[in-house]
Each structure stands twice: as C-alpha cells, then as structure tokens.
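Engineer: Here it is: the structure, laid out below.
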Amino acid sequence: MIPGSFEYHRPATLDDAVSLLTEYGDEARVLAGGHSLLPMMKLRFAEPAHLVDLNDIDTLKGITEEQGVLHIGAMTTENELIASSLLREKCPLIPEAAELIADPQVRNRGTIGGDIAHGDPSNDHPAVMMALDADLVLRGPAGERVVPADGFYLGTDYTLLEPGEILIGIRVPVPPSGSGASYQKLKRKTGDYATAASAVCLQMEGDICRKINIALTNVGPTALKADEAMKVLAGQNINDSLVGEAVRKAMAICDPAVDLRGDVEYRTHMAGEMTRRAINLALERARGNRS
C-alpha cells in the first residue's frame, strides 16, 4: 500500500526538531531509521500529517563513556552498536542483542532510539535496557528529563513520552566486575521478531548472586520485568533447582498474543526456555569476569 500524504521536515538541530513537534502536535511523528513507522504508514495504521526527520542532527549520534556511565545517542544505528569496541569491552550485551535484530540492511538504518521509543513489545532493546538498569534521556519543550527504562512502557505503543518530546539518548551504567549478561532470542527465521526472548544481567560476589535483572520480550503488551523470578535468585547460590523455580515465575507473567509465531502455551514455554538459557550463560560469564 501507499502512505497518505504528509509534509516532510528535516531539522538541523534538536531545538528545531522540538519546535516542529510542538507546533504540529499530534499531527507530527518523529522519523529515525523508519523501520517501525514507515510500514505502519504504508498500511495506513499511522497517518501523520508531518514527518520530522532526525537524521541531520549529529548530536543524537555516538557512543561515549563518562564516569562509569555509557552514553548512547538515540540515532546510533544497530550496526554502530555492533561495531563499537567500547560497548564490546564495557557492556557486550548491547551489541550481542543488536546482532539478533532483523537483518544487515535493517541494522544499517535502524536506530537504538527508534527501537526503544516506539513502544512495540516485539522490539528487542526495551527488555535489554530494563535488564541493564538504563536511563532514557528525553527532551521536549519543557527541557530535558531522565526516566528509567523500567517503567517507561505503559502499554503497546504507549510510553512516558509527552507531546513534543524526543528520546535523545540512553545512559547505561557500566556493569561492575563479577557481572554477566545474556540475551536469548527465539525467532522463526532471520529478520523476524522474537517468538519469545529473555535478557538477564546478574552480579556475583563469590558464589552468591548479589543482584539479577530479568526482562522478557514479546510475551506481553510491553517488555516485562520478571520481578518474582529475580527474587528467587537474588542472594542465593544459584543451582538448577532455583533456576527452574525462577523460570516458572517468569512464565507466570507471560501473556503473549496468538499469532503465526505460536499459541499462548508454546510462546510462554519458549519464554521460560530462553530465560533458563540466559540465566545459565550470564552465570557462566559472571564467573569468568571475577577480578
């Protein structure tokens, strides 16, 4: 199908972009990589009268570290995440997850900010950012504010973004020594969204798991934080029995849609299996990362 008519804007600065969004209100949508918005426009699920393209705003791109925090510009592409030696060294979960997104063509244009801000429960970065305790930097007509990724998602395609606001960056604390992480994703074929996926980040102190985050992809109306599963493992010497209990707790919060990827029972079971694999690999990596 062909999108409806719209007016195209390509601001050169962030202030100009915010001004355009403020001026046109609900009739405007932000364009980043376009891989979420443009298909919706072609199907007439989204019909913005104005598109505000962020691709000329260089301040929204790049990856740096300051005082133990990684700063990632919202317009940084998936391939740039994958190629980043800084992320490979400091937080390899991010490029690991990016490698599982879509295909090379999509990763060349798709941005981390677009994946996070869209609010699609099938996108991969939301669960990863929740597992990493990331903060999201938002800029709007009232200025800048920072909100945690955990709590940013209110429903399908529904987030804390206020009218006129843009996600401009992501802040990720560098995982400390003794940390391990994994993102395990089941998909039917290359380029597909997850049937189910699980992001796990944990920190070990000796044989004890001092902290763990578990977040799930595409098994609910938003990315899901598996709080009860985390309580099973935090403060414990993790063994197979405890992992099994945590997996059951994670499965209990799943409410996936029925689609071509499977029915509720299958997708819930696969969420559990992805969680089991992610916990075990994160644990193995943490034990290898002790200082």
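Engineer: Looking at segment 234-241, is at least one residue open to solvent by 10 Å² or more (accessible area, probe 1.4 Å) and in a helix (DSSP H, G or I)?
Structural biologist: Yes.
Engineer: Among the hydrophobic types (A, V, I, L, M, F, W, C), within 20 Å of the chain's Cα centre (by Cα) and closer than 20 Å to Ser36 by Cβ: which single residue out of Ala199, Ala250 fits that description? I'd like the intermediate steps shown before the answer.
Structural biologist: Values: Ala250 fails: closer than 20 Å to Ser36 by Cβ.
Result of the check over Ala199, Ala250: Ala199.
Engineer: Quickly run through segment 87-102 and pick out the residues that are open to solvent by less than 10 Å² (accessible area, probe 1.4 Å) and in contact with a Phe, Trp or Tyr (Cβ under 8 Å, 6 or more places away or on another chain).
Structural biologist: Taking segment 87-102 first, the residues open to solvent by less than 10 Å² (accessible area, probe 1.4 Å) are 87, 91, 93-95, 97-98.
Matches in segment 87-102: Leu93, Ala97.
Engineer: When segment 183-212 is examined, which residues are found to be under 19 Å from Pro121 (Cα atoms) and either at pLDDT below 95 or open to solvent by 10 Å² or more (accessible area, probe 1.4 Å) (or both)?
Structural biologist: Restricting attention to segment 183-212, the residues satisfying the condition of being under 19 Å from Pro121 (Cα atoms) are 183-200.
The answer is Gln184, Lys185, Leu186, Lys187, Arg188, Lys189, Thr190, Gly191, Asp192, Tyr193.
Engineer: Looking at Gly140 and the list (1) among the small types (Gly, Ala, Ser); (2) over 21 Å from Ile94 (Cβ atoms); (3) open to solvent by 20 Å² or more (accessible area, probe 1.4 Å), which single condition is not satisfied?
Structural biologist: (3)
Engineer: Have a look at Ala271, Ala229, Ala250 and point out the one that is of a type in the set (A, V, I, L, M), in contact with a Ser or Thr (Cβ under 6 Å, 6 or more places away or on another chain), closer than 18 Å to Ala181 by Cβ and in a helix (DSSP H, G or I).
Structural biologist: Residue meeting the stated conditions: Ala250.
Engineer: Could I ask something else about it? In this structure, does Ala181 turn out to be among the aliphatic types (A, V, I, L, M), over 14 Å from the mean Cα position of the chain (by Cα) and assigned to a strand (DSSP E or B)?
Structural biologist: Taking the combined requirement at face value, the residue satisfies it.
To keep it simple, each residue is scored yes or no on (1) surrounded by 17 or more Cβ atoms within 10 Å (Cβ to Cβ); (2) within 22 Å of Arg171 (Cβ to Cβ).
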site: Val18; (1), (2): yes, yes
site: Glu23; (1), (2): no, no
site: Asp26; (1), (2): no, no
site: Val30; (1), (2): yes, yes
site: Gly33; (1), (2): yes, yes
site: Ser36; (1), (2): yes, no
site: Gln67; (1), (2): no, yes
site: Gly114; (1), (2): yes, yes
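Engineer: Tell me the residue from Asp120, Asp150 that is open to solvent by 30 Å² or more (accessible area, probe 1.4 Å), modelled with pLDDT of 95 or more and part of a loop (DSSP other than H, G, I, E, B), please.
Structural biologist: Asp150
Engineer: Sticking with this structure for a sec: Quickly run through segment 257-268 and pick out the residues that are outside any helix (DSSP H, G or I) and out of contact with any Pro (no Cβ under 9 Å at 6 or more places or on another chain).
Structural biologist: Passing the criteria: Val258, Asp259, Leu260, Arg261.
Engineer: Looking at Leu86, Leu81, can you tell me which residue is at pLDDT 95 or above and under 16 Å from Arg107 (Cβ atoms)?
Structural biologist: Leu81
A quick yes/no check of all residues on (1) touching a Lys or Arg at 6+ places or on another chain (Cβ under 9 Å); (2) surrounded by fewer than 20 Cβ atoms within 10 Å (Cβ to Cβ); (3) farther than 18 Å from Leu37 by Cα:
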site: Thr59; (1), (2), (3): no, yes, yes
site: Ser85; (1), (2), (3): no, yes, yes
site: Pro104; (1), (2), (3): no, yes, yes
site: Ala127; (1), (2), (3): yes, no, yes
site: Arg145; (1), (2), (3): yes, yes, yes
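The values are calculated or read from the model by the stated rules, or taken from the named source; none is laboratory data. Being a predicted model, the structure only gives us computed values, none of them experimental. Heads up, the Cβs are rebuilt from the backbone with ideal geometry, glycines too, and the neighbour counts pull from every protein chain shown. Ligands, DNA and RNA are excluded from the accessible area calculation, which covers all protein heavy atoms including side chains. Shrake-Rupley method; radii C 1.70, N 1.55, O 1.52, S 1.80 Å.
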